[in-house]
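**Student:** Dropping a structure here in C-alpha cells format, bear with me for questions.
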Amino acid sequence: MSEHETIIVERDGRVGIITLNRPKALNALNTTLMNEVVGAAVDFDNDPDIGAIVITGSEKAFAAGADIKEMSSKSYSDVVGEQFFAAWDDLARLRTPIIASVTGYALGGGCELAMICDILIAGDNAVFGQPEINLGVIPGIGGSQRLTRAVGKAKAMDLILTGRNMKVDEADKLGLVSRVVPKENCLTTAKEVAETIASKSFIAASLAKEAVNRAYESGLGEGIRAERTLFYSTFATDDQTEGMAAFVEKREPKFSHR
Ligand code: CO8
C-alpha cells in the first residue's frame, strides 16, 4: 500500500481498513483526506481479495466535521468551481459494503461520512450532530437528506436547525446506528462484522446492498420491482448454485467471491 498523508490503509484478510489520521485536527475532513479516503476505498472496491471495508477514526473523534480552517477563506465561486467535496459522492456508489466504526465526535461532515457507510457500529462515547448552522452554513455531504431518511423529519429538523449534539443513546433510539458497543470494542466489532460479510458471496452482498439502498432512495413499488430483478439475477451466479447445494448437502458453502 502507498503512503498517505491523512489516513492509514491496512488489510486484514478480506477486510480493507481505512483509519482517518489527522489527530491534531480531530480528523477534520480536508480535501486531501477526502481524496485519500475515496481513492483507498475505490482501490479496495476494485480488489477481488477484499469483501468489506471498515472506516474508523480515533477514540476521541471519528471526524469533527469538514475542515473549517480550509473552508473559511473559500468564496462561492471557489466552492462551485472546484465542486467542493463532491468526490464524497463516489464513496456512496461503491459495491463493497462499508462499515463505520464510530467513537467520539461524528459531527458535521463526520456524521455525514458515517451515514454514507452501510453499517454504523458506535462506541458508547459516540456523539453525533450537524452543527453547520453554528457556522452560518448547512450540511453539504448529504446530511440533510440521509439524516432525514434515517431519523425522520421531526428529529432531523431539531438537530440541523439547532446544531445540537446528540449522544449515542439518542442516536440508537432513533435508529441512526446499527449497534452500540463499549468504545474499547468498537473497532473489533466493526472488523468482525466486516469479516462476516466478507465471508459471504460478494455478488450477493453487493446486490443486497443495492436492494436496501433502493428502499432508501425510491418508492415502495419501484423498490419491490428492483429487488425482484436483483433476486432473479442471483440465480445466474455460481454462488447461488454453491450456497444452495451446500445447504442440501449439509456442509459449509465455498463462495467464489468474485
Ligand atoms: N475543522 C478544523 N479544525 C478542527 C475541527 C474542524 N471541523 N474540529 C476541531 N478542529 C481542531 C481545533 O481547531 C483544534 O485545533 P487547534 O488546537 O490547532 O486549535 C483541535 O482540532 C482540537 O479541537 P478543540 O480544541 O476544539 O477540542 P475540544 O475537545 O475542546 O472540542 C469539538 C471538540 C467539540 C469537536 C470542537 O472541536 C468543535 O466544535 N469542532 C467543530 C465541529 C463542527 O462545527 N463541525 C462541523 C464543521 S462544518 C461541516 O462539517 C460542513 C460539511 C459540509 C461541507 C460540504 C461542502 C460541499
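The values are calculated or read from the model by the stated rules, or taken from the named source; none is laboratory data. This structure is a prediction, so every number in the text was calculated from the model and none was measured. Positions of Cβ are backbone-derived with ideal geometry, glycine not excepted, and every protein chain shown enters the neighbour counts. To get the accessible areas, we keep the full protein, side chains included, count just its heavy atoms, and leave off ligands, DNA and RNA. Shrake-Rupley method; radii C 1.70, N 1.55, O 1.52, S 1.80 Å.
**Student:** Kirkwood hydrodynamic radius, computed over distinct alpha-carbon pairs, for the range 201-258: how many Å, to one decimal? Present the calculation step by step, with values, prior to reporting the outcome.
**Tutor:** On the way: mean 1/r = 0.0818 Å⁻¹.
Result for the range 201-258 stands at 12.2 Å.
**Student:** Just want the answer: with Cβ charges of +1 for Lys and Arg and -1 for Asp and Glu, which residue in LEU161, ALA126, LEU20 is farthest toward the dipole's positive end in the chain?
**Tutor:** LEU161
**Student:** If you don't mind, there's one more thing I want to ask. Solvent-accessible area per residue for the range 181-258 at a 1.4 Å probe radius, Å²? Mind dumping the intermediate values first?
**Tutor:** Numbers: 5100 Å² over 78 residues.
Heavy-atom SASA per residue in the range 181-258 reads 65 Å².
**Student:** Sticking with this one: Can you tell me the Rg and the Dmax, both Å, for the Cα atoms in the chain?
**Tutor:** Radius of gyration, then largest Cα-Cα span, for the chain: 18.9, 65 Å.
**Student:** Report Rg (one decimal) and Dmax (nearest whole number) for the range 54-123, counting Cα atoms only, units Å.
**Tutor:** Calculated on Cα positions, Rg and Dmax stand at 13.5, 39 Å.
**Student:** Nearest 500 deg cm²/dmol is fine: what mean residue ellipticity at 222 nm does the chain get from its DSSP H runs of n ≥ 4 alone, each adding -39,500 (n - 2.57), divided by its residue count? Walk me through the numbers on the way to the answer.
**Tutor:** Numbers: 12 runs with 119 residues, N = 258.
Result for the chain: -13500 deg cm²/dmol, rounded to the nearest 500.
**Student:** Springs between alpha-carbon atoms under 10 Å, Gaussian network over the chain: tell me which of ASP47, ASP118, ASP78 tops the mean-square fluctuations.
**Tutor:** Result: ASP78 has the largest fluctuation of those listed.
**Student:** Same structure, new question: How about LYS155: which lysines have a C-alpha closer than 17 Å to its C-alpha, ignoring those fewer than 8 places off in the same chain?
**Tutor:** LYS167, LYS173
**Student:** Most fluctuating residue of PHE202, PHE231, PHE247 in a GNM of the chain with Cα springs under 10 Å: which is it?
**Tutor:** PHE247
**Student:** Let me know the whole percent of all Cα-Cα pairs from the range 135-258 that are separated by more than 16 Å.
**Tutor:** On the way: 5635 of 7626 pairs.
The calculated P(r) of the range 135-258 puts 74 percent of pairs beyond 16 Å.
**Student:** Among bridges DSSP assigns within the chain, what percent are antiparallel (round to 5)? Display every interim value, and only then the final one.
**Tutor:** Working: 9 of 31 bridges.
Antiparallel: roughly 30 percent of the beta bridges in the chain.
**Student:** Give me the lysines in straight-line cross-link reach of LYS254: C-alpha distance below 27 Å, same-chain residues under 8 apart excluded.
**Tutor:** LYS191, LYS200, LYS209
**Student:** Tell me the net charge near ALA40. Cut-off is 11 Å between Cβ atoms, ALA40 excluded, with +1 for each Lys or Arg and -1 for each Asp or Glu. Walk me through the intermediate numbers first.
**Tutor:** Working: positive: ARG11; negative: GLU10, GLU36, ASP43, ASP45, ASP47.
Spelling it out: positives minus negatives among the neighbours equals -4.
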